[in-house]
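Values in this text are rule-based calculations from the coordinates and carry no lab data. Everything numeric here is computed off the predicted structure, so don't read it as measured data. We place every Cβ from the backbone using ideal geometry, glycine too, and count neighbours over all the protein chains shown.
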Amino acid sequence: MWIQLIGMCYQREHLIATSFAVFCIFFYVCGIPAISLFVLWKNKKNLDNEKIKATYGSLYQAYKPEYWYFECVEMLKKMALAGGLVLVRPGSSTQITIGLLITFAFFLMVLDWHPYEDKTDNRLQASAVSIYIYYQYIYMTTFIIYFFRCLTCVLFYIHNTSR
């Protein structure tokens, strides 16, 4: 049995499916951190309540009380790095630079705020993010070296063909 899946793009059915897909992506990527933040903000005065701890404790118990929202910051960082960078000129130095800026901003937050209750968690998070920054920098440096090698080849070719 053979099923033919040919449809016309940008027609009624395609536009409905595309609109639904964009809504679902937006809801999943932005909605979950936003809803988590809203629920924690609404209950921030009762975070010691046993019922709230049992329901939402995994979102805030690892952090100091004044940083009850930091899991949402972590989710937004992950969203920006995993989902947002895909939209920024894939494979370009701009994409790497934006990733470095996002990661470095999060690194500075962790170093300055020490949001985790346990000192070891603060050190581990700072170490993990610094390793991520290091690998992004190495990738960017490799990209720049490759770019200049290609540029050198092109200039060499132009120089030799102009004679």
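So residue 70 passes all but one of these: (1) on the phi > 0 side of the Ramachandran plot; (2) in contact with a strand residue (DSSP E or B) (Cβ under 8 Å, 6 or more places away or on another chain). Which condition number does it fail? Unmet for residue 70, out of (1) on the phi > 0 side of the Ramachandran plot; (2) in contact with a strand residue (DSSP E or B) (Cβ under 8 Å, 6 or more places away or on another chain): (1). Kindly indicate whether any position in the stretch 148-159 is surrounded by 10 or more Cβ atoms within 10 Å (Cβ to Cβ) and closer than 19 Å to residue 71 by Cβ. No; the residues of the stretch 148-159 include none that is surrounded by 10 or more Cβ atoms within 10 Å (Cβ to Cβ) and closer than 19 Å to residue 71 by Cβ. With the condition kept exactly as written, say whether any residue in the stretch 45-53 is out of contact with any Pro (no Cβ under 9 Å at 6 or more places or on another chain) and closer than 30 Å to residue 137 by Cα. Scanning the stretch 45-53, I find no residue that is out of contact with any Pro (no Cβ under 9 Å at 6 or more places or on another chain) and closer than 30 Å to residue 137 by Cα, so the answer is no.
So that you can scan it fast, the table gives a plain yes or no per residue for (1) under 16 Å from residue 92 (Cβ atoms); (2) in contact with a Leu (Cβ under 8 Å, 6 or more places away or on another chain); (3) basic (Lys, Arg):
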| site | (1), (2), (3) |
| --- | --- |
| 119 | no, no, yes |
| 124 | no, no, no |
| 130 | no, no, no |
| 133 | no, yes, no |
| 140 | yes, yes, no |
| 149 | no, no, yes |
| 154 | no, no, no |
| 158 | no, no, no |
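Does residue 143 satisfy the condition of being aromatic (Phe, Trp, Tyr) and either surrounded by fewer than 10 Cβ atoms within 10 Å (Cβ to Cβ) or more than 23 Å from residue 33 (Cα to Cα) (or both)?
yes
Each residue in the stretch 97-140 was checked for being surrounded by fewer than 16 Cβ atoms within 10 Å (Cβ to Cβ) and either at positive phi or outside any helix (DSSP H, G or I) (or both), and 2 pass. Please specify each residue of the stretch 112-163 satisfying the condition of being over 21 Å from residue 99 (Cβ atoms) and of a type in the set (Asp, Glu). If the condition is that a residue be over 21 Å from residue 99 (Cβ atoms) and of a type in the set (Asp, Glu), then 117, 118, 121 are the ones that fit.
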